[in-house]
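Notes for the one structure printed next.
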There are 2 protein chains.
Amino acid sequence: MSTSERRTQEQRSAETRKLLLAATVRSLMEVGYAKTTTAGIARRAGVSRGAQTHHFPDKMALIVSATEEMFDNFATGLERLAADLREGPLTYDGFFDAVWADILEGEWFYSSLEIIVAARGDAELRGHLAPLILDLHERFELTWSHTFVAADPQIVTARVALNLMMNVFRGMAVQAVLRRDEEYFREMLAALKAILAIHVRPVRPGE
Amino acid sequence: MSTSERRTQEQRSAETRKLLLAATVRSLMEVGYAKTTTAGIARRAGVSRGAQTHHFPDKMALIVSATEEMFDNFATGLERLAADLREGPLTYDGFFDAVWADILEGEWFYSSLEIIVAARGDAELRGHLAPLILDLHERFELTWSHTFVAADPQIVTARVALNLMMNVFRGMAVQAVLRRDEEYFREMLAALKAILAIHVRPVRPGE
DNA sequence: ATTTAGAAACAGACCAGCTGGTTTTTCTGT
DNA sequence: ACAGAAAAACCAGCTGGTCTGTTTCTAAAT
C-alpha cells in the first residue's frame, strides 16, 4: 500500500474506531435501529467484522459509543449557533431557522430518535443512555441560560421557553417522517418565533 | 369450553382478529417494534400462530391494521376530550392535563412512535402509514378548529396553536423515555398553558 | 542496526438461536 | 359434505457472538 504506510498502532486503532462509530450513526440514519446489524456497520465502515468485534466486544458497546460521540457533536453545534446569536452573525429568526434545519436535515436527531425509541424496550440500553441524555440536556440548558433573557421570568424563564422550542422541534421532526409538509413547517416555525419573542430575547455582547 | 359455546363463524373471526390487533399494540408498547415478533403477538393474544397467519397473511398486514385501529381510538378519545371542554365538564387547564396524560400514560403515543420510527427505514411501511397519518391529522385539526378560537388569527390561528401543543407533547413524550422528570413536565405544561392562553380560548356552548 | 518474541489489530469462518412465511393437518360451524 | 377457522410442524434466511488464523506494529535482546 502507498496511502498510509507504517501507521502507529494507536493511529490504526483510532482510525478504525472512528470509521466504525461513523458507520454506526450512518446505519441508524439510513435503515434505522431494527435493521442496523453489526455486519452492516462493518461493511459501511469498510472494515472486517473481526476488526469490529476487536474494538467493540458487542453491539451494545458500539451503539453506546456512537451515541456518546453523536450527542457531543450535536451539543457542540448548538453551542456554536448560540454563540453566533450572541455575537452578531446570527439573527433571532436565523437562530431558530438554523436549529430547526440542524434537526431536520442533520443526521443527529433521527439517529438519536432511533436509539431512544429502541431504549424504551431495552432496560440495558436505557441504563447506558440515561446518563448521556442528562448530560446533553444540561449542556442545552446551560447554553440557553446564558444566551437568552426572559421578559418576565415569573411567567416563563428563558430555560423553559427554549426547552419548549426544542420540544416543538422534536415533535415536528417526528411528524416529518410521514409528512414532510414544508408549508406546515414554515407556518409552525413562524408561529413559534412570534410566540417566543414575547417571552424571551437574546442577550447581546455588551450586556 | 364453557365460556363461549357455539359462536358463529363471524364472531370467532372477529374475536380472534380483535385479540390479535390488541396484542400487537400491547407488544409494540411493551417491547417495541424491533422486538415485536409474530410469535410473540400470537402468544400475547392467546392464539396459535396458525390462526394469526390465517387472518393476517404477513406481519405488515398485522401492523398496519393494528395502527389503523389505534389511530382511530386515539382520535376518538381526543374528540371526546374536546367535547368535554366545549360542553363544560372540562376546564381549559383540565383539557391540557388530560391530553398530556393520555399521551404519556396511554398506550397510543408510544405504540405509534414505534411504528413511525420503524417506517423511516421501511419504504413499504411508510407507504401504508402515510395516508393513515394524514387522516389522523385532519381529524385533529377539525377538532381544534371547532373547539378553540384565536385571540388574533393574524398572528396565531387556533389550528396552529393546538398543533404546537401537540408537538410540544410529542417532544416531551420522547424525552420521557429516558428522563421521566415529573417536576420538569409540570413546569413545561404550566408554561405551555400560560403561553397558549394568550392566543386561544375554548369556545363555549352559547357561542 | 538486526533480529525476534510478543502483543495488538485485523480477517473471516463458524454456529446456535430466532424470525417470518409456508404447508399440512385438525377442528368447528353451516 | 363442505368451507372457513385454528393448530402445529417445518424450513430457509439472517443475526450476533465466538473461535481460529493472519498481518502489522513494538520493543527487548543481541
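See the values below:
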item	result
Flag if residue A:14 is modelled with pLDDT under 95, within 10 Å of DNA strand C (Cβ to nearest atom), closer than 30 Å to residue B:125 by Cβ and not assigned by TED's automatic domain parsing to the domain that holds residue A:127	no
Qualifying residues in the stretch A:25-42 (those that are crowded, with 16+ Cβ neighbours inside 10 Å and among the hydrophobic types (A, V, I, L, M, F, W, C)) - the one nearest to DNA strand C (Cβ to nearest atom)	A:42
Single match in A:175, A:154 (criterion: open to solvent by less than 30 Å² (accessible area, probe 1.4 Å) and polar (S, T, N, Q))	A:175
Which listed residue, of B:98, B:45, B:22, is in the same structural domain as residue B:140 (by TED's automatic domain parsing) and either closer than 20 Å to residue B:126 by Cα or more than 12 Å from DNA strand C (Cβ to nearest atom) (or both)	B:98
Residue check, residue B:114 farther than 19 Å from residue B:92 by Cβ and either more than 16 Å from the chain's Cα centre (by Cα) or open to solvent by 50 Å² or more (accessible area, probe 1.4 Å) (or both)	no
Matching residues in the stretch B:102-129 - criterion: being without any contact (Cβ under 8 Å) to a residue 60 or more places away in the chain, at the interface with chain A (Cβ under 9 Å from one of its Cβ atoms) and of a type in the set (D, E, K, R)	B:120, B:122, B:126
Selected residue (only one of A:160, A:168, A:149 is of a type outside the set (S, T, N, Q), in contact with a strand residue (DSSP E or B) (Cβ under 9 Å, 6 or more places away or on another chain) and crowded, with 20+ Cβ neighbours inside 10 Å)	A:160
Which listed residue, of B:39, B:34, B:61, is in a loop (DSSP other than H, G, I, E, B), of a type in the set (Gly, Ala, Ser) and either touching a residue at least 24 places away in the same chain (Cβ under 8 Å) or within 16 Å of DNA strand D (Cβ to nearest atom) (or both)	B:34
Evaluation of residue B:135 against (1) under 21 Å from the mean Cα position of the chain (by Cα); (2) open to solvent by 10 Å² or more (accessible area, probe 1.4 Å); (3) without any contact (Cβ under 8 Å) to a residue 60 or more places away in the chain (one fails), failing number	(3)
Selection status of residue A:99, more than 30 Å from residue A:197 (Cβ to Cβ), under 19 Å from the mean Cα position of the chain (by Cα) and within 14 Å of chain B (Cβ to nearest Cβ)	no
Counted residues, the stretch B:135-163 - those being at the interface with chain A (Cβ under 10 Å from one of its Cβ atoms), part of a helix (DSSP H, G or I) and out of contact with any helix residue (DSSP H, G or I) (no Cβ under 6 Å at 6 or more places or on another chain)	2
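The values are calculated or read from the model by the stated rules, or taken from the named source; none is laboratory data. Here the structure is a predicted model, which means the values were calculated and not measured. Here Cβ is always computed from backbone atoms with ideal geometry, including for glycine, and neighbour counts include all displayed protein chains. Remember, those area values only see protein heavy atoms, side chains included, never the ligands or the DNA or RNA. Shrake-Rupley method; radii C 1.70, N 1.55, O 1.52, S 1.80 Å.
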